[in-house]
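**Student:** Have a look at this one before I ask anything.
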Ligand code: IVH
């Protein structure tokens with residue numbers, strides 16, 4: 001971007017400007033402002049793009065202030081691409097949605113050397129190339145931040161957007177303008193490019209992130225979970241100065257679109273992906289760099305070299321300044337990319353190599369035993385707090401006694417904890433080689449830690465259970481379950497409110513939920529008239545729920561959503577179940593003897609029957625509704641008789657919502673890819689299921705949009 005001579009000149013000019021007097025006449029002001037802008041842009045590039053400043057922060061600030069002072073005195077001299085114009089004071093009201101110049105696809109994933117070889121072979125097969133031919137790849141880190149698209153017109157940054165759904169994104173130009181690593185002006189026109197779209201990732205350095213959180217802790221603000229959240233959140237704020245304060249940087253990794261004044265494609269002027277990135281680097285963008293030894297970017301002559309390069313990065317990932325979750329492997333030759341093309345979801349010429357889940361070791365301090373809604377005892381490991389993939393982990397489920405015994409986990413052990421993506425952390429194994437003999441066996445309690453009744457373990461169950469239906473811990477958990485989303489779905493009523501009302505003595509059982517005194521609630525700190533009224537409204541609404549929700553809300557062991565729906569379809573009123581014998585239950589398809597036993601036992605307990613009567617008297621619906629009756633699916637429903645499976649992250653609807661839509665359209669949701677599967681709907685980052693379905697060749701693969709079009713919603 002800058003020659004050695006230019007750099008020397010800009011350096012000397014900076015030193016001179018630092019000591020120059022403030023201009024008093026317009027002519028000198030114009031000249032000085034022009035010089036200052038030039039040197040400031042240079043220093044920002046050294047600092048933000050190269051991480052290698054040549055002047056001190058203090059000197060930079062002095063130059064910046066000088067420019068601000070001149071512009072304040074001669075406002076007519078302010079130019080839109082002046083470095084001082086990054087933070088605009090006008091607040092953006094709402095984000096406008098904008099269409100990307102070309103769709104922003106996602107990437108297919110690979111996890112090991114074999115996956116990479118498969119990827120390489122797929123390309124050769126697709127293009128009809130000999131398998132022993134070497135394809136050249138360009139490999140870069142997969143930055144773990146927020147995706148952005150930058151549009152430059154006539155060398156000016158005119159628009160910046162989030163990835164959004166790939167076709168449309170949110171316009172966040174004022175926020176992106178505050179990122180010092182994004183040039184407001186870049187010399188595309190020198191090559192005849194009048195319009196260009198660049199893709200990249202907004203990301204916060206790990207050490208900057210630590211400082212941000214320290215400052216937030218000092219201000220008593222909630223901490224950011226990880227650098228990615230801090231970055232993506234920062235891009236979406238309505239206040240650009242807030243974006244600026246997070247010190248977000250942007251790596252650019254793709255020139256997605258470039259045309260000249262006649263609309264001719266200028267991407268054809270480049271031979272390789274690698275050379276486009278070099279070009280963008282020269283224009284002043286922050287790009288993954290070539291370094292003599294292990295750079296961020298490397299051109300590998302074949303897939304074997306790619307694998308080795310990915311492995312070295314996996315090892316040094318922790319010490320790298322930014323969070324990365326893998327490497328991106330791209331066919332280097334742009335013509336070859338073109339010929340290889342893309343599916344609806346991702347380019348065939350690129351793949352993400354995902355790193356193994358993050359692991360850390362910590363000490364197992366003690367084990368807590370928690371009592372669940374049906375009395376199951378869950379051992380929970382309390383660990384010395386440890387940072388794992390951006391979150392602090394101090395509590396990890398040990399599931400059950402067998403888990404502890406099979407892994408031989410002992411108190412005082414150093415344990416290896418793993419967290420893959422957003423998955424709940426879990427203990428991989430104890431580090432036996434670090435034991436010093438002081439470790440002790442985890443002793444499972446023989447009695448309930450809360451009500452002290454004896455624990456029992458059924459032969460075919462993994463959990464020890466407290467069988468006392470009046471156990472305080474169970475009562476509380478049952479109420480929490482009762483109001484939860486999958487059960488009665490009482491909006492605005494969650495664990496913390498239940499616990500609070502319980503402590504106040506207002507709640508002893510689930511019927512009490514329908515007896516709450518809203519005047520008293522309104523007087524609680526943090527509540528007020530409005531929230532109390534809202535809670536009242538949600539509870540009134542829940543009273544009218546279909547009975548399958550009520551059945552599921554009763555915390556009968558094994559009576560899940562599915563079984564609740566099946567039972568609800570068979571009865572006119574919940575109370576009928578009281579008189580059912582075993583056969584009546586087991587005659588129903590999909591209702592087994594264990595569940596039968598549990599439901600019968602529930603209704604044999606007078607207290608439970610009484611509870612239901614009370615609830616009925618309080619207005620809770622006990623009779624079958626339209627919603628409970630099985631919906632007759634007409635033979636001409638769009639997916640009548642078909643099986644369907646959803647995989648990957650859906651962006652337009654939740655997984656459950658999608659499954660409900662499919663069901664309503666006559667399809668049956670199944671859980672695995674097999675010859676029985678008719679449709680696989682793939683969201684983002686679909687993995688092995690998609691691969692398997694593709695390999696089978698009999699499954700119809702749909703995008704979310706195609707699915708929605710099919711079911712007509
Ligand atoms: S290339 C058409 N290169 O990974 C291919 N993506 O699923 C476009 N990402 O959210 C992607 N670092 O923002 C590419 N060096 C890199 C990347 C990268 C991070 C992100 C990208 C997107 C996701 C792809």
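The values are calculated or read from the model by the stated rules, or taken from the named source; none is laboratory data. It should be emphasised that the depicted structure is a prediction, and the values quoted were computed from it without experimental measurement. Backbone-built Cβ (ideal geometry, glycine too); neighbour counts: all protein chains shown.
**Student:** Looking only at the stretch 279-298, which residues are surrounded by 16 or more Cβ atoms within 10 Å (Cβ to Cβ) and more than 30 Å from the chain's Cα centre (by Cα)?
**Tutor:** Across the stretch 279-298, the qualifying residues are 279, 283, 284.
**Student:** Select, from 699, 681, 711, the only residue that is within 24 Å of residue 352 (Cα to Cα) and either under 27 Å from the mean Cα position of the chain (by Cα) or at pLDDT 85 or above (or both).
**Tutor:** On the way: 699 fails: within 24 Å of residue 352 (Cα to Cα); 711 fails: within 24 Å of residue 352 (Cα to Cα).
Of 699, 681, 711, the one residue that is within 24 Å of residue 352 (Cα to Cα) and either under 27 Å from the mean Cα position of the chain (by Cα) or at pLDDT 85 or above (or both) is 681.
**Student:** Moving to a separate point now. Name the residue that is farthest from the ligand (Cβ to nearest atom), counting only residues in the stretch 252-267 that are closer than 20 Å to residue 297 by Cα and buried (at least 22 other Cβ atoms within 10 Å of the Cβ).
**Tutor:** 255
**Student:** Tell me, please, whether a residue that is free of Cβ contacts under 8 Å to residues at least 60 places away in the same chain and within 16 Å of the ligand (Cβ to nearest atom) can be found in the stretch 692-703. Let's see the steps before the verdict.
**Tutor:** Let us first name the residues in the stretch 692-703 that are free of Cβ contacts under 8 Å to residues at least 60 places away in the same chain, namely 692-702.
Remaining after also requiring within 16 Å of the ligand (Cβ to nearest atom): none.
No: zero hits.
**Student:** To continue, here is another question. Under 6 Å between Cβ atoms, which residue pairs at least 6 apart in sequence (or on different chains) link something in the stretch 180-204 that is free of Cβ contacts under 8 Å to residues at least 60 places away in the same chain with a partner that is more than 16 Å from the ligand (Cβ to nearest atom) and part of a loop (DSSP other than H, G, I, E, B)?
**Tutor:** From residues that are free of Cβ contacts under 8 Å to residues at least 60 places away in the same chain, the pairs are 189/155.
**Student:** Tell me whether the stretch 359-380 contains one or more residues that are out of contact with any helix residue (DSSP H, G or I) (no Cβ under 6 Å at 6 or more places or on another chain) and within 13 Å of the ligand (Cβ to nearest atom). Don't jump to the end; show me each part of the working.
**Tutor:** Within the stretch 359-380, the subset out of contact with any helix residue (DSSP H, G or I) (no Cβ under 6 Å at 6 or more places or on another chain) is 359-370, 374, 376-380.
Those still in the list that are within 13 Å of the ligand (Cβ to nearest atom) too: none.
No, because not a single residue in the stretch 359-380 is out of contact with any helix residue (DSSP H, G or I) (no Cβ under 6 Å at 6 or more places or on another chain) and within 13 Å of the ligand (Cβ to nearest atom).
**Student:** Consider the stretch 122-145. How many of its residues are within 31 Å of the chain's Cα centre (by Cα) and either part of a helix (DSSP H, G or I) or more than 21 Å from residue 289 (Cα to Cα) (or both)? Step through it out loud before you land on a result.
**Tutor:** Pass one, the stretch 122-145, residues within 31 Å of the chain's Cα centre (by Cα): 122-123, 137-145.
Filter once more, keeping what is either part of a helix (DSSP H, G or I) or more than 21 Å from residue 289 (Cα to Cα) (or both): 122-123.
Residues meeting the conditions: 2.
**Student:** Next question, about the same structure. In this structure, is residue 230 buried (at least 16 other Cβ atoms within 10 Å of the Cβ) and within 22 Å of residue 106 (Cβ to Cβ)? Talk me through it step by step, then tell me what you get.
**Tutor:** Details: buried (at least 16 other Cβ atoms within 10 Å of the Cβ): yes; within 22 Å of residue 106 (Cβ to Cβ): no.
So residue 230 does not fit the description; no.
**Student:** Restricting the search to the stretch 428-448, which residues are modelled with pLDDT of 90 or more and in contact with a helix residue (DSSP H, G or I) (Cβ under 7 Å, 6 or more places away or on another chain)?
**Tutor:** As a first pass, look at the stretch 428-448 and keep what is modelled with pLDDT of 90 or more: 430, 437-448.
Listed by number, the residues that qualify are 430, 442, 444.
**Student:** Within the stretch 323-344, restricting attention to residues that are in contact with a helix residue (DSSP H, G or I) (Cβ under 6 Å, 6 or more places away or on another chain) and assigned to a strand (DSSP E or B), which residue is farthest from the ligand (Cβ to nearest atom)?
**Tutor:** 331
**Student:** Here's a follow-up. Identify, by number, the condition in (1) in contact with a helix residue (DSSP H, G or I) (Cβ under 9 Å, 6 or more places away or on another chain); (2) closer than 16 Å to residue 140 by Cα that residue 280 doesn't meet.
**Tutor:** All conditions are met except number (1).
**Student:** Here is a follow-up. Here is a list: 353, 309. Which entry is part of a strand (DSSP E or B) and touching a residue at least 12 places away in the same chain (Cβ under 8 Å)?
**Tutor:** Details: 309 fails: part of a strand (DSSP E or B).
Result of the check over 353, 309: 353.
**Student:** While we're here: Is there a residue being closer than 24 Å to residue 626 by Cα and touching a residue at least 40 places away in the same chain (Cβ under 8 Å) anywhere in the stretch 515-536?
**Tutor:** Our first condition is that a residue be closer than 24 Å to residue 626 by Cα; within the stretch 515-536, this holds for none.
Looking for residues that are closer than 24 Å to residue 626 by Cα and touching a residue at least 40 places away in the same chain (Cβ under 8 Å), one finds none in the stretch 515-536, hence no.
**Student:** Kindly indicate the residue of the stretch 211-227 that is in a helix (DSSP H, G or I) and over 20 Å from the mean Cα position of the chain (by Cα) and also surrounded by the fewest Cβ atoms within 10 Å (Cβ to Cβ) among those meeting that condition.
**Tutor:** Let us first name the residues in the stretch 211-227 that are in a helix (DSSP H, G or I), namely 211-218, 227.
Those left that are additionally over 20 Å from the mean Cα position of the chain (by Cα): 211-212, 214-218.
Numbers: 211: 11, 212: 21, 214: 11, 215: 11, 216: 14, 217: 11, 218: 8.
Restricting to residues being in a helix (DSSP H, G or I) and over 20 Å from the mean Cα position of the chain (by Cα), the top hit is 218.
**Student:** If you don't mind, there's one more thing I want to ask. State the number of residues belonging to the stretch 133-173 that are crowded, with 20+ Cβ neighbours inside 10 Å and out of contact with any strand residue (DSSP E or B) (no Cβ under 8 Å at 6 or more places or on another chain).
**Tutor:** 0
**Student:** If you don't mind, another one. Quickly run through the stretch 207-233 and pick out the residues that are in contact with a helix residue (DSSP H, G or I) (Cβ under 6 Å, 6 or more places away or on another chain) and within 16 Å of the ligand (Cβ to nearest atom).
**Tutor:** 227
**Student:** Give the residue, chosen from 712, 675, 666, that is over 15 Å from residue 650 (Cβ atoms), in contact (Cβ under 8 Å) with a residue 60 or more places away in the chain and away from the ligand (no atom under 16 Å from the Cβ). Give the derivation first.
**Tutor:** On the way: 675 fails: in contact (Cβ under 8 Å) with a residue 60 or more places away in the chain; 666 fails: in contact (Cβ under 8 Å) with a residue 60 or more places away in the chain.
The unique qualifying residue is 712.
**Student:** Any idea which residue in the stretch 146-162 is farthest from the chain's Cα centre (by Cα), counting only those that are within 16 Å of the ligand (Cβ to nearest atom) and either under 30 Å from residue 304 (Cα atoms) or touching a residue at least 60 places away in the same chain (Cβ under 8 Å) (or both)?
**Tutor:** Result: 150.
**Student:** Considering each residue of the stretch 18-33, count those that are under 47 Å from the mean Cα position of the chain (by Cα) and either touching a residue at least 60 places away in the same chain (Cβ under 8 Å) or over 10 Å from residue 70 (Cα atoms) (or both), and give that number.
**Tutor:** Adding up the residues that qualify gives 1.
Okay, residues lined up against (1) buried (at least 21 other Cβ atoms within 10 Å of the Cβ); (2) closer than 21 Å to residue 273 by Cα; (3) within 13 Å of the ligand (Cβ to nearest atom):
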{"position": "310", "(1), (2), (3)": "yes, yes, yes"}
{"position": "314", "(1), (2), (3)": "no, no, no"}
{"position": "317", "(1), (2), (3)": "no, no, no"}
{"position": "321", "(1), (2), (3)": "no, no, no"}
{"position": "346", "(1), (2), (3)": "no, yes, yes"}
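**Student:** Kindly evaluate residue 127 against the criterion of being under 24 Å from residue 209 (Cβ atoms), more than 10 Å from the ligand (Cβ to nearest atom) and in contact (Cβ under 8 Å) with a residue 60 or more places away in the chain. Outline the logic, then answer.
**Tutor:** On the way: under 24 Å from residue 209 (Cβ atoms): no; more than 10 Å from the ligand (Cβ to nearest atom): yes; in contact (Cβ under 8 Å) with a residue 60 or more places away in the chain: yes.
Answer is no for this residue.
**Student:** Another question about this same structure. How many residues does the stretch 485-499 contain that are buried (at least 18 other Cβ atoms within 10 Å of the Cβ) and under 23 Å from residue 560 (Cα atoms)?
**Tutor:** Step one: list which residues in the stretch 485-499 are buried (at least 18 other Cβ atoms within 10 Å of the Cβ), which gives 487-488, 490, 493, 497-498.
Next, from what is left, pick out any that are under 23 Å from residue 560 (Cα atoms): 487-488, 490, 493, 498.
Qualifying residue count for the region: 5.
**Student:** Is it true that residue 610 is surrounded by fewer than 13 Cβ atoms within 10 Å (Cβ to Cβ), outside any strand (DSSP E or B) and over 30 Å from the mean Cα position of the chain (by Cα)?
**Tutor:** Numbers: surrounded by fewer than 13 Cβ atoms within 10 Å (Cβ to Cβ): yes; outside any strand (DSSP E or B): yes; over 30 Å from the mean Cα position of the chain (by Cα): yes.
So residue 610 fits the description; yes.
**Student:** Looking only at the stretch 96-115, which residues are away from the ligand (no atom under 16 Å from the Cβ) and either surrounded by fewer than 16 Cβ atoms within 10 Å (Cβ to Cβ) or closer than 19 Å to residue 343 by Cβ (or both)? Full working, then the answer.
**Tutor:** Of the residues in the stretch 96-115, the ones away from the ligand (no atom under 16 Å from the Cβ) are 96-99, 112-114.
Answer for the stretch 96-115, where residues must be away from the ligand (no atom under 16 Å from the Cβ) and either surrounded by fewer than 16 Cβ atoms within 10 Å (Cβ to Cβ) or closer than 19 Å to residue 343 by Cβ (or both): 96, 97, 99, 112, 114.
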